[in-house]
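The values are calculated or read from the model by the stated rules, or taken from the named source; none is laboratory data. The structure displayed is predicted, hence computed values, not measured ones. All Cβ positions, even for glycine, are placed from backbone atoms using ideal geometry, and neighbour counts span all protein chains on display. The area values use the complete protein model at the heavy-atom level, side chains included, leaving out ligands, DNA and RNA. Shrake-Rupley method; radii C 1.70, N 1.55, O 1.52, S 1.80 Å.
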Amino acid sequence: MRGLLFRRTRTIEYRDDIPDPTVELPTDAVIAVTRTGLCGSDLHTYEGRESARHGVVPGHEAVGEIVSIGEQVAHFAPGDRVLVPFTTSCGECSPCKGGLAARCEKGQLFGWGDPVNLTAPALQGGQASMLRVPLADGTLVRIPEGTTDAQATLLTDNLPTGWFAAERSDPIAGEAALVVGLGSVGLSAVVSLLAMGVDPVFAVDPVEDRLARAAGLGATPMSPGDPALPAGLASVVEAAGTSPAQAFAFRSVRPGGTLSVIAVQTDDHFPFTPIEAYDRNVTVRFGRAPVRSVLTRLLPLIEEGRLRIPDDSIVTHPAEPLTEGPDLYRRFAAREPGLVKALFTP
Ligand SMILES: NC(=O)c1ccc[n+]([C@@H]2O[C@H](COP(=O)([O-])OP(=O)(O)OC[C@H]3O[C@@H](n4cnc5c(N)ncnc54)[C@H](O)[C@@H]3O)[C@@H](O)[C@H]2O)c1
Ligand SMILES: [Zn+2]
Ligand SMILES: [Zn+2]
């Protein structure tokens, strides 16, 4: 198959001779990938803040068509159009049943692979023309009628992740909230907070173009350091992933308010102290979004027209060839103006 390989820090390679995945377990499905996303999370390994198995296919946002299934897969069949949440889930364990599919006891993350234990199998990622999906029944989601591949790709991670972040900031309808960091996840949090009735939604990012996109979605854009930046907010979402951004987000919460950190923070320490958190009675939440669980409440809202998938505001590069992968990683890491969310058509 065709695909990208993570070679080492800042080195992504395109290949057209990667072995095709096959059904290895009776609960597997294999899909032909029709669209796959490049995410801010891919930059953690690309830039060396997180380690991943050298030689793994990266990427964790894939949609496509099922080409084969194992004999125990009951709810899907070859030919089904499906989206793949970025972690696998069994649907039966306590975290899965409790709405935290991202922490399924049998779950795996696509596209990483243990960098230390080289004999442990690595679950290949989605930036390729084919993908093996373990625990297919508990993981896959059928793509709703009328949903494009680009929209479905946002449903594999960024939109439900932004929604989860917004929910966990304890938003109050009619009151203000703040989103720090306006990549695809932060912009999705903006859309979600607005849909939850929050007003106004302040949005902060150093990149002009991303501020303009947040404004287009209905937020009030502000540059970091703007003296007019509001403090004392009930709900703050941090979707940037840097210590300065998290420190700023923490300081913006009012006593008794909530900071929802959705970014993956790779620094060793919190940029605030326990006593600072104590002194302000701040609730701080962290963690991976359980996309499969969140979609059970999000898809009905989308179907009823109460939430729009904002692909036109977020996806700037909807159909790039995989051969452009090495270059797009470089340009995305450089925060090239006009490049927010790139999708590949393998
Ligand atoms: N928790 C989850 O399940 C989950 C899922 C997907 C992504 N993520 C994480 O969410 C984060 C955002 O992902 P993305 O795809 O939107 O990434 P991205 O890199 O496109 O966006 C990050 C944004 O933060 C902005 N930023 C940097 N420093 C800032 C500062 N000091 N103040 C304000 N903004 C600042 C950048 O300019 C950029 O626009 C990443 O850390 C990613 O790993 C988490
Ligand atoms: Zn992602
Ligand atoms: Zn489970």
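Applying a threshold of 6 Å to beta carbon distances and a minimum spacing of six or more residues, or different chains, the list of pairs starting in segment 101-128 at a residue that is touching a residue at least 12 places away in the same chain (Cβ under 8 Å) and ending at one that is open to solvent by 60 Å² or more (accessible area, probe 1.4 Å) and away from ligand 3 (no atom under 16 Å from the Cβ) reads Pro115/Ser51.
Scan segment 221-241 for residues that are closer than 24 Å to Gly40 by Cα and in contact (Cβ under 8 Å) with a residue 12 or more places away in the chain and the total you get is 11.
Beta carbons closer than 7 Å, at least 6 apart along the sequence or on distinct chains, pair a first residue in segment 23-40 that is assigned to a loop (DSSP other than H, G, I, E, B) with a second that is open to solvent by 50 Å² or more (accessible area, probe 1.4 Å) for Val23/Ile69; Pro26/Glu71; Pro26/Gln72; Thr27/Gln72. Selection of first residues in segment 67-92 that are over 20 Å from Leu298 (Cβ atoms) and among the hydroxyl-bearing types (Ser, Thr, Tyr) and of second residues that are open to solvent by 20 Å² or more (accessible area, probe 1.4 Å) and assigned to a loop (DSSP other than H, G, I, E, B), restricted to Cβ pairs under 9 Å at least 6 apart or on distinct chains, gives the following pairs, ordered by first then second residue: Ser68/Thr22; Ser68/Val23; Ser68/Pro78. Quick check: is even one residue across segment 271-278 under 22 Å from Leu38 (Cβ atoms) and part of a loop (DSSP other than H, G, I, E, B)? No, every residue in segment 271-278 fails to be under 22 Å from Leu38 (Cβ atoms) and part of a loop (DSSP other than H, G, I, E, B). Looking at Thr323, is it more than 20 Å from the chain's Cα centre (by Cα) and among the hydroxyl-bearing types (Ser, Thr, Tyr)? So Thr323 passes the test.
Would you confirm whether or not segment 153-169 contains a residue that is out of contact with any Asp or Glu (no Cβ under 7 Å at 6 or more places or on another chain), assigned by TED's automatic domain parsing to the domain that holds Pro255, in a loop (DSSP other than H, G, I, E, B) and open to solvent by 40 Å² or more (accessible area, probe 1.4 Å)? For segment 153-169, residues out of contact with any Asp or Glu (no Cβ under 7 Å at 6 or more places or on another chain), assigned by TED's automatic domain parsing to the domain that holds Pro255, in a loop (DSSP other than H, G, I, E, B) and open to solvent by 40 Å² or more (accessible area, probe 1.4 Å): present. Looking only at residues of segment 277-307 that are more than 16 Å from Pro144 (Cα to Cα) and free of Cβ contacts under 8 Å to residues at least 40 places away in the same chain, we find that the one that is farthest from the chain's Cα centre (by Cα) is Asp279.
If you check Val57, Val30, Val23, Val73 for being open to solvent by less than 70 Å² (accessible area, probe 1.4 Å), within 16 Å of ligand 2 (Cβ to nearest atom), among the hydrophobic types (A, V, I, L, M, F, W, C) and not assigned by TED's automatic domain parsing to the domain that holds Leu187, only one passes: Val57.
Every listed requirement among (1) touching a helix residue (DSSP H, G or I) at 6+ places or on another chain (Cβ under 7 Å); (2) within 16 Å of ligand 3 (Cβ to nearest atom); (3) open to solvent by 40 Å² or more (accessible area, probe 1.4 Å) is met by Ser89 save one, (3). Only one entry of Pro224, Pro244 meets the criterion of being part of a helix (DSSP H, G or I) and either open to solvent by less than 40 Å² (accessible area, probe 1.4 Å) or farther than 20 Å from Arg168 by Cα (or both), and that entry is Pro244. All conditions but one from (1) more than 18 Å from the chain's Cα centre (by Cα); (2) in a loop (DSSP other than H, G, I, E, B); (3) outside the structural domain of Phe332 (by TED's automatic domain parsing) apply to Leu182; the one that does not is (1). For segment 251-305, which residues satisfy the criterion of being surrounded by fewer than 18 Cβ atoms within 10 Å (Cβ to Cβ), more than 30 Å from Phe86 (Cα to Cα) and either outside the structural domain of Pro171 (by TED's automatic domain parsing) or not β-branched (Val, Ile, Thr) (or both)? Scanning segment 251-305 gives Arg251, Arg254, Pro255, Gly256, Pro274, Glu276, Ala277, Tyr278, Asp279, Arg280, Asn281.
If only residues of segment 170-179 that are touching an Asp or Glu at 6+ places or on another chain (Cβ under 9 Å) and not in a strand (DSSP E or B) are counted, the one that is nearest to ligand 1 (Cβ to nearest atom) is Ala176.
Looking at the structure I just gave you, is Gly40 on the phi > 0 side of the Ramachandran plot, in the same structural domain as Ile69 (by TED's automatic domain parsing) and either at pLDDT 95 or above or open to solvent by 10 Å² or more (accessible area, probe 1.4 Å) (or both)? So Gly40 fails the test.
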